[in-house]
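J.: Quick one: this structure, given as C-alpha cells, is what I'll be asking you about.
The values are calculated or read from the model by the stated rules, or taken from the named source; none is laboratory data. Keep in mind that what you see is a predicted model, and the values were worked out from it rather than measured. Cβ coordinates were reconstructed from backbone atoms using ideal geometry, including for glycine residues, and neighbour counts include every protein chain displayed.
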Amino acid sequence: MGRTIPSFRQLLEIEKLDWSAFKKLLPTKKDKQVFDEIFENAKLYTCYLGNASNPIVLESVIMGVIFHNYKQLLQVSKEEDKSIEDSLKKEIISLINNKPECKILFYRFSKKWHGFLYTLHKEDRESLMKMILGICSHDECVCDIINTQDFQSPIDYYFFLFAIIQQQKLINKLNKKPEDAEIISTTTTTINRSLSDYM
C-alpha cells in the first residue's frame, strides 16, 4: 500500500508551488531568487520542522526562515556567547520570576514548537532558545494582549512579528558605524537594507 500522508519535504514543495503565482509577479529576477532562497533555507530544517506537527505549512516555513536568518545575523554580527547554557538558564529563571505575561507566551509558544525545538542539535537548540527568550522578553503589556487571544494563530503571527522586529534591530545595529553612533543617537536615519542583503 502507498503512503497516504505526504512528508514535510513534499508539503514544502506543494507550498512553494502554491506561491508560484506570487513569485511570477515579483518585479525583478533578484526578488525571485530571494523567494527561492527563502524556501531553500526552510529546507535546511525539513526533518526538524516535520517534527513540529504543525498543520499550517507556511507557518513552519516562516519559522524555519526566521530561525535561519537569526543564526546568520548572529554570525555576521560576530556575537559570541560564553557558557550559553548557563546564560539561557538564568534568562529563563528571570523571565519566570519577573515577567508573568512573558512567561505565558514563552510556555505557549514552546509547547507548540516543542517537536521542532527538541529535535535540533544542541547548538541550534540553544540559538533557538535564545531567539525565543529575546522575543518573549518584550514589553509585558504587549505579551498580555497576545496571551488574551482565544486561539493559536494570532500568537504565532505576533511571535513572528516580534522575531522580525528583533532581526531588524540586529540589522540596524550592524548598519551603524562606530563613528556615526553619536549622530544616529541624536537624529533619526533611514536604513535601506533588508534581511535579503545579508543572505
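J.: Of the residues Ile5, Ile38, which is of a type in the set (A, V, I, L, M), part of a loop (DSSP other than H, G, I, E, B) and out of contact with any Phe, Trp or Tyr (no Cβ under 7 Å at 6 or more places or on another chain)?
T.: Going through Ile5, Ile38 in turn, the sole match is Ile5.
J.: Continuing with the same structure: Tell me, please, whether a residue that is at pLDDT 90 or above and farther than 28 Å from Leu117 by Cβ can be found in segment 32-39.
T.: Yes, segment 32-39 has at least one match.
J.: In the set Asp150, Asp144, which member is modelled with pLDDT under 65, farther than 20 Å from Lys71 by Cα and not in a helix (DSSP H, G or I)?
T.: Asp150
J.: Here is a further query. Please work out which one of (1) in contact with a Cys (Cβ under 6 Å, 6 or more places away or on another chain); (2) buried (at least 20 other Cβ atoms within 10 Å of the Cβ) is the condition Met63 fails and give its number.
T.: (1)
J.: Evaluate the following for Lys103: is it modelled with pLDDT of 75 or more and within 17 Å of the chain's Cα centre (by Cα)?
T.: no
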